[in-house]
Amino acid sequence: MRLLKRFTPSPAMVIACLALLLVLGGTGYAASKALPRNSVTSVQVKDHSLLARDFKAGQIPPGAAGPAGPAGPAGPAGPAGPAGTTGSASVKWALVRPDGGIAAQSGGITLAAHPSTGTYILNIGSAITGKPILASGGYAGDAGDQRGETTAGPCGGGSEGRTCPSGFDTTSHLFAQTRNNDGVATDHAFYVVVFG
């Protein structure tokens, strides 16, 4: 009798053991029973408790891009590109004074004639037909500020140029004319540029 009395559980111990059995039995039941599809909603989920691994790929929209990382090392050089064609483009230019003297130039340009006031014929030294020509007013040895238009084009007539005086009507000669504000041919300094 004394031996049985020693192993008699107290009421608190009995209640604790019953509670343990109930909890373990309920957990086992829940683990063995699968949840039906879509049975968990946002009401049952605690905020910030889900992780990225709980979602399928692409199910969560991406967040804002983070700051750029440091630049990596340079990669190897790529293959060389194909060789280009040999260019023949060049630029010839001159700054002409009002008296027809060349104040500055790229080289090879000479004054062929100054036949009349505001009219100049330059020898460029190479064919200029079919090449762009630009002309603008200059100030080399020219104190006058009142300028009109400055024009230039190739000698030789045709669709591009104009007929120049005899002896200067070749493809390497350039006709230029400077004017005052009233459009009257007047001697003024000018720049001329031939491209190509």
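The values are calculated or read from the model by the stated rules, or taken from the named source; none is laboratory data. Note that the structure is predicted; figures quoted are calculated from it, not measured. Side chains included, ligands, DNA and RNA excluded: accessible areas come from the protein's heavy atoms. Shrake-Rupley method; radii C 1.70, N 1.55, O 1.52, S 1.80 Å.
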Mean separation of Cα contacts under 8 Å (6+ apart) over length of the chain, as relative contact order %: 20 percent
Descending Cα extents along the principal axes, the chain, whole Å: 151, 43, 32
Under 16 Å from residue 131, Cα to Cα: aspartates and glutamates that are on another chain or at least 8 residues apart: 160
Within a Gaussian network of the chain (alpha carbon springs, distance under 10 Å), most fluctuating of 174, 51, 95: 51
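Per residue, how much accessible area does region 91-196 show when a 1.4 Å probe rolls over the protein heavy atoms, in square angstrom? Please list the in-between numbers first.
Working: 5010 Å² over 106 residues.
On a per-residue basis, 47 Å².
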Partners for residue 56 among aspartates and glutamates (Cα-Cα distance below 20 Å; same-chain residues under 8 apart left out): 47
Crossing angle, helix 11-32 versus the chain [Cα axis fit, 0-90 degrees, rounded to tens]: 40 degrees
Distribution of pairwise C-alpha distances over region 80-141, 5 Å bins, in %: 3, 14, 24, 23, 13, 7, 5, 5, 3, 2, 1, 0
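Rounded to the nearest 5, what is the percent of antiparallel bridges among the DSSP beta bridges in the chain? Spell out each step's value before the answer.
On the way: 29 of 30 bridges.
Counting only bridges with both partners in the chain, antiparallel ones make up about 95 percent.
In deg cm²/dmol, rounded to 500, what helix-only [θ] at 222 nm does the chain give when every DSSP H run of at least 4 residues adds -39500 (n - 2.57) and the total is split over its residues? Display every interim value, and only then the final one.
Numbers: 2 runs with 27 residues, N = 196.
Result for the chain: -4500 deg cm²/dmol, rounded to the nearest 500.
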Whole-Hz couplings from phi, Karplus 6.51/-1.76/1.60, listed for region 99-113; x for Gly and Pro: 7, x, x, 8, 7, 7, 6, 7, x, x, 9, 10, 7, 8, 6
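What ranking of 120, 139, 191 comes out by heavy-atom accessible area, probe 1.4 Å, highest first? Mind dumping the intermediate values first?
Details: 120 0, 139 140, 191 95 Å².
Final ranking, largest accessible area leading: 139, 191, 120.
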